[in-house]
Amino acid sequence: MTVDPNAATQGFSSPPPAHRRPGAARYLVPALVAAAVAVGLGAYGKSHHPAGTAFNLAGFSSTGAVKSWLATTAFAFALVQLVSAFMVYGKLPGPSWAPTLHRWSGRVAFLVAVPVAVHCLYALGYQTYEPRVMWHSLLGCFFFGAFSAKMLLLRSERLPGWLLPLVGGLVFVVLTAIWLTSALWFFRTFGVTT
């Protein structure tokens, strides 16, 4: 029997499209962006001559108090993020608006953290004169790199179910360490003042 290669194939169904496994670029690009952000912030902070101060708000006694309260606010919203993430993933019962709460608490936490980071980079720079300060500088750069990676991963499709909670948890843990080495230290050293 011979087969005519030009014959109509109406009776045959098309094969389903092949679903490729996600390529390494899907993970490599966010990781490279995270590294670039973290290294870029560290390089700027190390090479920039510290200005001593970048901003102060009326009603606060010092820029340290402003930064500590803004950092504490960011940390409080990060706690809301953590609890709402457990709700979104079904680990805790929660309202139907838990995803909205999760998104908005993250946005507010980030927006409140940015002036703190800008002040740290501009006014103080990347410093290593004692272990607490060194860890704070290192973790601050790492936080914004990890946050950048998380934002890029949010837009990716077909990620493993464990990846976003892992990266989000890492961002939360690093922010907690930043808060411990800055705002908590400030409040314990100088008292809870405004």
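The values are calculated or read from the model by the stated rules, or taken from the named source; none is laboratory data. Note that the coordinates shown come from a computational prediction; the quantities given were computed from them, not determined experimentally. In this analysis, Cβ positions are derived from the backbone assuming ideal geometry, glycine residues included, and neighbour counts consider all displayed protein chains. Calculation scope for accessible area: heavy atoms of the full protein, side chains included, ligands and nucleic acids excluded. Shrake-Rupley method; radii C 1.70, N 1.55, O 1.52, S 1.80 Å.
Taking segment 158-167, which residues are part of a loop (DSSP other than H, G, I, E, B) and either touching a residue at least 12 places away in the same chain (Cβ under 8 Å) or in contact with an Asp or Glu (Cβ under 7 Å, 6 or more places away or on another chain) (or both)? Steps first, please.
Step one: of segment 158-167, the residues part of a loop (DSSP other than H, G, I, E, B) are 158-162.
Within segment 158-167, R158, L159 qualify.
May I ask you to verify whether L111 is closer than 27 Å to K46 by Cβ, free of Cβ contacts under 8 Å to residues at least 60 places away in the same chain and open to solvent by 30 Å² or more (accessible area, probe 1.4 Å)? Criteria met by L111. Within segment 74-108, being touching a residue at least 40 places away in the same chain (Cβ under 8 Å) and either in a helix (DSSP H, G or I) or open to solvent by less than 60 Å² (accessible area, probe 1.4 Å) (or both) holds for A74, F75, A78, Q81, L82, A85.
If you take the residues of segment 59-115 that are more than 20 Å from L180 (Cβ to Cβ) and basic (K, R), which of them is farthest from the chain's Cα centre (by Cα)? Filtering segment 59-115 for residues that are more than 20 Å from L180 (Cβ to Cβ) and basic (K, R), the one farthest from the chain's Cα centre (by Cα) comes out as K91.
The residue of segment 116-156 that is nearest to the chain's Cα centre (by Cα), among those that are loosely packed, with under 14 Cβ neighbours inside 10 Å and touching a residue at least 40 places away in the same chain (Cβ under 8 Å), is V118.
The test for being of a type in the set (S, T, Y) and under 21 Å from V192 (Cβ atoms) does not hold for T128. Residues that are at pLDDT 80 or above, loosely packed, with under 15 Cβ neighbours inside 10 Å and either part of a helix (DSSP H, G or I) or of a type outside the set (V, I, T) (or both) do occur in segment 49-72, at least one of them.
Would you mind stating whether A24 is surrounded by fewer than 17 Cβ atoms within 10 Å (Cβ to Cβ), at pLDDT below 95 and under 24 Å from P160 (Cβ atoms)? So A24 fits the description; yes.
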